[in-house]
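Undergrad: Okay, handing you the structure first.
The values are calculated or read from the model by the stated rules, or taken from the named source; none is laboratory data. Quantities reported herein were computed from a predicted structural model and do not represent experimental measurements. So basically every Cβ, Gly included, is an ideal-geometry build from the backbone, and we count neighbours across all protein chains shown. In case anyone asks, the SASA skips ligands and DNA or RNA and just uses the protein heavy atoms, side chains included. Shrake-Rupley method; radii C 1.70, N 1.55, O 1.52, S 1.80 Å.
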Amino acid sequence: MLVAARFVQGLAGGVGIVIAQAAGRDIFDGRELIRFYGRLAVAGPTAAIVGPMIGGLLNTFMDWRGLFGFLAVVVLALLLMSATMFTETLPPERRTAGGLRRTGAALRVLGADRVFVGAVLSQGFVYAAIFSYLAGSTFVLQEIYGLSPQWYAAAFALNSAGGVFFGWLGGRTAERWNVHGALFLGIAQTGIGCLGLLLAGLVPMPLAVVIASLFLLASGAQFSSPAGTTLALSEYPQMAGTAGSILGTARFGLGGLAAPFVGIAGSLSILPLGVIATGAAVLAAAGALLTLRRRAPESVVHAATA
């Protein structure tokens, strides 16, 4: 029952992410859109820092059931705020009818756009590296390197803080310099961190090298997020919801597929984490290369959409 309830919780969380991305595309364009996605990239790591701190505080006087009760209260507050403060962001003249036929047409248009496909694949494989880190870091840092739960929490907080800063920096870089450049910089930073983990799996490395590698992996992924999201969604205001849902599916789908393979060797070796994360980073770079190709002509896109 707990697993089923958590599955529903994940479904609801996915809905929130897609709607936030689509609503931003309804309201913003150009640099303002990049800035908005940069703020979204900061929000996730911030929650990853604040959430465990609140949970640890609450856990001193309530059990895990009480934590879920607290979350239910938080969700109720969010529901009331959404119902009263979050108005429709898409003007009536830009709305389209729903239905499977229109969704299918949108999927065909998006699937034919190499820039969109490249952005989705690059972000999906970047998240595969992130999920590998989330799945393997506990075993690596606590079982192999012997960190206490407190020091592991400190290392996790360090990486989350890096994600906050680099998510903001990635948004500013994409906004003020170049969207493609920011995407490649973030993936390169992630790749360096993944190679550090791979090296630590092949040759014994000090704890500082592993923590630095995890930091580069996590912060590089957040650095690339604003640029990747902008490339995927900016050209499709008329189907932002569909594009956002595909992007979210790729991120969490590929991440979910990669995570179990990290535990192949149990807590005996860091090598599976290094191999999976490095492979994901290479595939993310390959996806990013597709974003350099020309889009389909606008007349073709508009005709297909119509």
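Undergrad: Against the definition (touching a Ser or Thr at 6+ places or on another chain (Cβ under 8 Å), of a type outside the set (D, E, K, R) and farther than 30 Å from Leu134 by Cα), how does Val115 come out, yes or no?
TA: Values: touching a Ser or Thr at 6+ places or on another chain (Cβ under 8 Å): yes; of a type outside the set (D, E, K, R): yes; farther than 30 Å from Leu134 by Cα: no.
Considered against the rule, which asks whether it is touching a Ser or Thr at 6+ places or on another chain (Cβ under 8 Å), of a type outside the set (D, E, K, R) and farther than 30 Å from Leu134 by Cα, Val115 comes out as no.
Undergrad: OK, next. Against the condition open to solvent by 40 Å² or more (accessible area, probe 1.4 Å) and within 14 Å of Val126 (Cα to Cα), how does Phe252 come out, does it pass? Walk me through it before giving the result.
TA: Numbers: open to solvent by 40 Å² or more (accessible area, probe 1.4 Å): yes; within 14 Å of Val126 (Cα to Cα): yes.
So Phe252 fits the description; yes.
Undergrad: Please specify each residue of segment 102-144 satisfying the condition of being open to solvent by 60 Å² or more (accessible area, probe 1.4 Å) and under 21 Å from Cys194 (Cα atoms).
TA: Across segment 102-144, the qualifying residues are Leu121, Leu134, Phe139, Glu143, Ile144.
Undergrad: Could I ask something else about it? For the list (1) assigned to a helix (DSSP H, G or I); (2) β-branched (Val, Ile, Thr); (3) open to solvent by less than 90 Å² (accessible area, probe 1.4 Å), I need the number of the one condition that Thr84 fails.
TA: Against the list (1) assigned to a helix (DSSP H, G or I); (2) β-branched (Val, Ile, Thr); (3) open to solvent by less than 90 Å² (accessible area, probe 1.4 Å), Thr84 comes up short only on (3).
Undergrad: Given (1) touching a helix residue (DSSP H, G or I) at 6+ places or on another chain (Cβ under 6 Å); (2) buried (at least 20 other Cβ atoms within 10 Å of the Cβ), where does Leu185 come up short, assuming only one miss?
TA: For Leu185, the exception is condition (1).
Undergrad: What are the residue pairs meeting all of these: first residue in segment 162-185, first residue in contact (Cβ under 8 Å) with a residue 24 or more places away in the chain, second residue part of a loop (DSSP other than H, G, I, E, B) and buried (at least 21 other Cβ atoms within 10 Å of the Cβ), Cβ atoms under 8 Å, and 6 or more apart or on different chains?
TA: His180/Thr291; Leu183/Thr291
Undergrad: I'm trying to understand the selection: among the residues of segment 16-59, which are at pLDDT 80 or above, among the small types (Gly, Ala, Ser) and either closer than 24 Å to Ser219 by Cβ or in contact with a Cys (Cβ under 9 Å, 6 or more places away or on another chain) (or both)?
TA: If the condition is that a residue be at pLDDT 80 or above, among the small types (Gly, Ala, Ser) and either closer than 24 Å to Ser219 by Cβ or in contact with a Cys (Cβ under 9 Å, 6 or more places away or on another chain) (or both), then Gly16, Ala20, Gly24, Gly38, Ala43, Gly55 are the ones that fit.
Undergrad: Let me ask something else about it. Please tell me if Leu40 is more than 30 Å from His180 (Cβ to Cβ) and in a helix (DSSP H, G or I).
TA: Values: more than 30 Å from His180 (Cβ to Cβ): no; in a helix (DSSP H, G or I): yes.
Spelling it out, it is not the case that Leu40 is more than 30 Å from His180 (Cβ to Cβ) and in a helix (DSSP H, G or I).
Undergrad: To continue, here is another question. So, Leu76, is that one of a type in the set (A, V, I, L, M) and touching a residue at least 60 places away in the same chain (Cβ under 8 Å) or not? Steps first, answer last, please.
TA: Values: of a type in the set (A, V, I, L, M): yes; touching a residue at least 60 places away in the same chain (Cβ under 8 Å): no.
No, not satisfied.
Undergrad: On to the next question. Consider Gly66 carefully, then state whether it is surrounded by 11 or more Cβ atoms within 10 Å (Cβ to Cβ) and either at pLDDT below 90 or under 24 Å from Ala218 (Cβ atoms) (or both). Before the answer, list the steps.
TA: Values: surrounded by 11 or more Cβ atoms within 10 Å (Cβ to Cβ): yes; either at pLDDT below 90 or under 24 Å from Ala218 (Cβ atoms) (or both): no.
Against the criterion (surrounded by 11 or more Cβ atoms within 10 Å (Cβ to Cβ) and either at pLDDT below 90 or under 24 Å from Ala218 (Cβ atoms) (or both)), Gly66 does not qualify.
Undergrad: Taking segment 30-61, which residues are farther than 22 Å from Ala161 by Cα and out of contact with any helix residue (DSSP H, G or I) (no Cβ under 8 Å at 6 or more places or on another chain)?
TA: Scanning segment 30-61 gives Gly30, Glu32, Thr60, Phe61.
Undergrad: On the basis of being at pLDDT 90 or above, out of contact with any Asp or Glu (no Cβ under 6 Å at 6 or more places or on another chain) and of a type outside the set (Lys, Arg), does Gly255 make the cut?
TA: Values: at pLDDT 90 or above: no; out of contact with any Asp or Glu (no Cβ under 6 Å at 6 or more places or on another chain): yes; of a type outside the set (Lys, Arg): yes.
Spelling it out, it is not the case that Gly255 is at pLDDT 90 or above, out of contact with any Asp or Glu (no Cβ under 6 Å at 6 or more places or on another chain) and of a type outside the set (Lys, Arg).
Undergrad: Might you let me know whether segment 88-96 holds any residue that is among the hydrophobic types (A, V, I, L, M, F, W, C), open to solvent by less than 40 Å² (accessible area, probe 1.4 Å) and in a helix (DSSP H, G or I)? Quick ask: steps written out before the conclusion?
TA: First, the residues of segment 88-96 that are among the hydrophobic types (A, V, I, L, M, F, W, C): 90.
From what's left, open to solvent by less than 40 Å² (accessible area, probe 1.4 Å): 90.
Of the ones still in play, those that are also in a helix (DSSP H, G or I) are none.
No: zero hits.
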